[in-house]
1. With angles folded into 0 to 90 degrees, how steeply does helix 203-216 sit against the dominant principal axis of the chain? Use alpha carbons for both and round to 10.
2. Averaged per residue, what accessible area in Å² does the chain show with a 1.4 Å probe, protein chains only?
3. Hey, what do the phi angles of segment 218-226 turn into as Karplus ³J(HN,Hα) couplings, whole Hz, using 6.51/-1.76/1.60 and θ = phi - 60°, x for Gly and Pro?
4. Using a 1.4 angstrom probe on heavy atoms only, work out the carbon and sulfur share of the accessible area of segment 2-95 in %.
5. VAL18: net charge of surrounding residues, Cβ under 11 Å, Lys/Arg +1, Asp/Glu -1, itself excluded?
6. Exposed loop sites here are GluC sites (Glu not before Pro) in DSSP loop states with at most 16 other C-beta atoms within 10 Å. What is the longest stretch of the chain lacking them?
7. Quote the relative contact order of segment 183-223 in percent (integer), defining contacts as alpha-carbon pairs under 8 Å separated by 6+ residues.
8. Assign unit charges at the C-beta atoms only (+1 for Lys and Arg, -1 for Asp and Glu), then state the dipole size of segment 1-121 relative to its Cα centre in Debye, rounded to the nearest 20.
Amino acid sequence: MRMFSAEVFANKPVANGVWEMRIQAPADVLAESSPGQFLHVSVGDERHVLPRPLSICRIDKGAGRIRLVYRVVGAGTAYFAKMKPGESLKAMGPCGNGFFLEVGEKALLVGGGVGIPPLLFLAEKLKEENPGAFITAVLGYRSTSFLKEEFTKACDEVFICSDDGSEGFLGNSADFLQFKLAGSSRAKGIISQETVMFSCGPREMLKRIAGFAMLQQMPCQVSVEERMACGAGVCLGCPVKVKSGDGWKNMRVCKDGPVFQAGEIIW
Ligand SMILES: Cc1cc2nc3c(=O)[nH]c(=O)nc-3n(C[C@H](O)[C@H](O)[C@H](O)COP(=O)(O)OP(=O)(O)OC[C@H]3O[C@@H](n4cnc5c(N)ncnc54)[C@H](O)[C@@H]3O)c2cc1C
């Protein structure tokens, strides 16, 4: 993990309020990055001191680029959306632990909103490690989808859900798992103890996914979001409660996470 300066190669909207930015990144940062890790990206104005964490969505080693996909929710992300090709930004990374690459025969990737981007990098990496693995993705959007084509290429099967019913299943990805997939004939192939689940999205969704995984006795990793400051494990500003013996302890989302086993988090 290190600080670096990156030139913006492209930056464009891909869905309502969601943008995709491609940045040139140094070769060692590209080589070190693994799925589930993030960049801590500085906002280039003096009023916003803290960098903003954005997950690595995809690595293009040939072109030397990292793709980030982000929703504009406040001043920092609004600043990113104004950046033009040729301008540069400062970032630190790759940060965090990333997913544990359990490369079994089957993987079930469940994403919600801007939790979807890191699962693309993961799908591509899982296929690279085990080309025979069967990868299913369940992707939940507010409305218009993004990264659908890329997931279709990287996965064997993709289910789309949307909160407003404009695409695919009406509801979020946790609803889809619980009310659609679990009751269907397809479930026998996917929902089994041999399938590893990987999930990233809003906390409420992850909590339901963790409950589902526990009920089905499926191994499940979740990437959690917490507001964070230093991004390097120093300030202890992004705690998550995890089980420890008969009690609990705090762990740091930025350094010990953002990926945890679903069963270890106290939801
Ligand atoms: C490890 C990690 C990876 C992330 N990856 C992505 C990504 O790939 N794409 C993406 O769009 N977003 C991602 N986020 C969330 C992103 O970092 C925040 O949306 C961003 O920092 C908001 O900055 P802002 O200045 O635009 O908004 P702010 O003005 O800081 O906040 C605007 C609103 O967003 C809420 N908010 C801010 N940060 C978070 C957060 N971490 N979790 C939940 N709500 C938050 C605030 O409470 C407030 O309501 C990630 C967060 C973490 C911790």
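1. 30 degrees
2. 45 Å²
3. Residue by residue, segment 218-226 yields 9, x, 8, 10, 10, 9, 9, 10, 8 Hz.
4. The nonpolar share, carbon plus sulfur, comes to 53 percent.
5. +2
6. 106-166
7. 49 percent
8. 280 debye
The values are calculated or read from the model by the stated rules, or taken from the named source; none is laboratory data. The shown structure was predicted, so the numbers you read here are calculated from the model rather than taken from an experiment. All Cβ positions, even for glycine, are placed from backbone atoms using ideal geometry, and neighbour counts span all protein chains on display. In case anyone asks, the SASA skips ligands and DNA or RNA and just uses the protein heavy atoms, side chains included. Shrake-Rupley method; radii C 1.70, N 1.55, O 1.52, S 1.80 Å.
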